[in-house]
Amino acid sequence: MRRLGLIGFSGSGKSSLAAFAAKSGFAAVDSDALIEAKNPNAAELLEQGREEDFRTLETSVISGILKSDFDFAAFGGGVHYAHPAWKEIYESGLKLVYLRSSFEDLIGRFEERPLYRKLGREDYEKLFLARCLLYEKSAAFVVDTDGRGLSEIWSEIEEIWNSLFR
Ligand code: S3P
């Protein structure tokens, strides 16, 4: 199947790179955008401590994505917690590209995100470290993002696409 998923922590550029993909003529979807379209208050669920409700919503959106036609799909930073959609991703054999960033490089990009506002810096950094292990473990490809512009990162992703599918 000719398709790739983008994973990584909040602020690593998943949505922007999906937009790059769309501009380059690929069919690209962004799970967070679809969640927001379905429920404009979805992000607030996280701030209210209703993570389970958010993951339920995320799960149904991801299941829909997996059944649709796409080339690139950007998933939210907590995709591993969206059960059983995560299992579906895994079992579908979808190859994942992990946008790997350091915590320091991301600071300033995620401070407005709901989970950061809920957890505060110390716990958010712990979450980051735990998630990095999950991203590394589940990704077929790793693309480093620190200090790099989006177009440079996109070129590397396109190279991965071409190496697999062209
Ligand atoms: C989340 C990350 C967000 C979004 C939601 C939950 C998380 O996506 O799905 O706020 O659990 O880390 P981004 O990674 O695009 O910020």
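The values are calculated or read from the model by the stated rules, or taken from the named source; none is laboratory data. Everything quoted here is computed from the prediction, not taken from an experiment. Quick reminder, even Gly has a Cβ in these numbers, built from the backbone with ideal geometry, and neighbours come from all protein chains shown.
Quick notes
- Residues that are surrounded by 19 or more Cβ atoms within 10 Å (Cβ to Cβ) and under 15 Å from ALA139 (Cα atoms) within the stretch 81-92 comprise TRP86, ILE89, listed in sequence order.
- Yes/no for GLU36 being surrounded by fewer than 20 Cβ atoms within 10 Å (Cβ to Cβ), modelled with pLDDT under 95 and within 11 Å of the ligand (Cβ to nearest atom): no
- The stretch 49-72 - residue that is of a type in the set (A, V, I, L, M) and within 12 Å of the ligand (Cβ to nearest atom) and, of those, nearest to TYR116 (Cα to Cα): LEU57
- For GLY120: the one exception among (1) within 13 Å of the ligand (Cβ to nearest atom); (2) part of a helix (DSSP H, G or I); (3) small (Gly, Ala, Ser): (1)
- From ALA18, ALA27, residue being at pLDDT 95 or above, under 19 Å from LEU164 (Cβ atoms) and within 12 Å of the ligand (Cβ to nearest atom): ALA18
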